1. Students often check this: by mean Cβ neighbours within 10 Å, which of 19-32, 86-99 ranks highest, and how do the rest follow?
2. For a protection proxy built on the mean count of beta-carbon atoms within 10 angstrom, sort 51-57, 184-190, 241-247 highest first, please.
3. Past 26 Å, Cα to Cα, is the threshold; run Lys67/Lys158; Lys198/Lys257; Lys269/Lys322; Lys158/Lys273; Lys257/Lys322 against it and keep the listed order.
4. Pop a pseudo-label 7 angstrom from the Cα along the beta-carbon direction at both Lys198 and Ser367 and give the gap in nm to one decimal.
5. For a quick protection proxy, order the peptides 74-81, 254-261, 301-308 by their average other-Cβ count within 10 Å, most packed first.
6. If you build the convex hull over the alpha carbons only and average its shadow over all orientations, what do you get for the stretch 1-64? Give it in nm² to one decimal.
7. Diagonalise the Cα gyration tensor of the stretch 137-277 and give the resulting equivalent ellipsoid semi-axes, square root of 5 times each eigenvalue, largest first, whole Å.
8. For the stretch 1-119, what does the relative contact order come out to in percent, with C-alpha contacts under 8 Å and a separation of six or more?
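Throughout, read-outs are computed from the coordinates displayed, never taken from laboratory work. Because the structure is predicted, anything quoted here is derived from the model rather than measured. When we count neighbours, we look across all protein chains shown, and the Cβ atoms used for this are built from the backbone with ideal geometry, even at glycine.
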Amino acid sequence: MKLDVNVLRYLSKDDFRVLTAVEMGMRNHEIVPSELIARIASLKHGGTYKVLKNLLKHKLLHHDSSKYDGFRLTYLGYDFLAIKTMVNRGVFVSVGRQIGVGKESDIFEVATEDGTILAMKLHRLGRTSFRAVKSKRDYLRHRSSFSWLYLSRLAALKEFAFMKALEEHGFPVPHAVDCNRHCVIMSLINGYPLVQVKQLQNPDTVFERILGLVVRMAEHGLIHCDFNEFNIMIDDDEQITMIDFPQMVSVSHQNAKMYFDRDVECIFKFFRKRFNLNFHEIEVEDDNSEIDSDEGSRPQFSDIEKVSGRLDKELEASGFTKKEQVDMEKFIDGDDEKESDTESVGTADEEDIGDARNEASLKNFESLSFVSKVEDNLIEDNSENNETNGQEI
Ligand code: ADP
Ligand code: MG
């Protein structure tokens, strides 16, 4: 999705006021009635209606008059609110090129005041990019459409909390910088997704290191649940960094063993296929039937020894509440057909490796020193206090 931040730069204080009013209205309305938006924004002389037209023109809002005259935020509108908040907080000052399209996210480079380049992940849950979306739809049918925004916000919140906790326990993950709405800011990893790597100097070492991570995470009480060649970055020194955490679960999850085995299997399968790693001798029995004897070398879920100070317990006590966890897990569990990222981005294999390399450069960054200064409070209040009225966005 195109993110034209140029538009953002010229949005006025009133534009943001009205955009924020729509966001607030969406806490209890799928489509926010125009009068309600006008009341929340309380611009002088009926100014809200003119502003709504402008926001509509820039595709920050969607107009719906099927039941009554009203508006809802588009993802772009939500993006702008998050970006604006981050810029006001001083997290970054400009937005650069898109560096990743995940199955349910868009990743961009952003730059800080001192020129450091970071990665911005905008979560887009519900994007119709893979088969399982149907089962997700079934789960969400009884919820209003703003659930997509709610779930994207949860995914960001969860990813941020887990990344931070993993980092604190010495796991190789990006540094978690900040989080707002559906947006996570993290350090930029200098490397390639493993899926794009055709050759390794030391495939055995890399394999063992990666497998070691699955085991060590489980010892700390966590399972990645999407641990595959798309979510492991590798640099020129063959150092690895894992990414993409919204779907992680605790080892106490009812399907923990299945998720653990699936993560392990993904790694075995990929290394066997791509790097011809031979994990087992094929034993040929008298009757010529082959027995796969690599089971012995596979880490078994039942053998995992839990360390003290488990991360899953720590995270339960963090900002990511039980209810939010349950909502996310319903979403993930409903996703029966999902196998891995492979389905949605299967063509990544063919991509030119050179292009995908994340080399930090400040070329083509759009500066976001805003023309107008927004009332930070309105936006900040709204984003930090989302739980009112039992409706979330
Ligand atoms: P999704 O949840 O949609 O799969 P990911 O977090 O896996 O999203 O990110 C998608 C792609 O974006 C990754 O495969 C990677 O190429 C790129 N990417 C994500 N995070 C970073 C980062 N911190 N640094 C560099 N590239 C990243
Ligand atoms: Mg991914």
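1. Values: 19-32: 22.6, 86-99: 18.4.
Taking the mean over residues of other Cβ atoms within 10 Å, the ranking is 19-32, 86-99.
2. Values: 51-57: 17.3, 184-190: 21.3, 241-247: 23.3.
Result, highest mean Cβ count within 10 Å first: 241-247, 184-190, 51-57.
3. Details: Lys67/Lys158 35 Å; Lys198/Lys257 31 Å; Lys269/Lys322 34 Å; Lys158/Lys273 32 Å; Lys257/Lys322 21 Å.
As for pairs spanning more than 26 Å Cα to Cα, those are Lys67/Lys158; Lys198/Lys257; Lys269/Lys322; Lys158/Lys273.
4. A separation of 4.2 nm, rounded to one decimal place.
5. Ranked from most to least packed, the peptides come out as 74-81, 254-261, 301-308.
6. That works out to 4.5 nm², a quarter of the Cα hull's surface.
7. Numbers: eigenvalues 151, 65, 44 Å².
Equivalent-ellipsoid dimensions as semi-axes: 27, 18, 15 Å.
8. Values: 143 pairs, mean separation 22.6, N = 119.
Relative contact order for the stretch 1-119 comes out at 19 percent.
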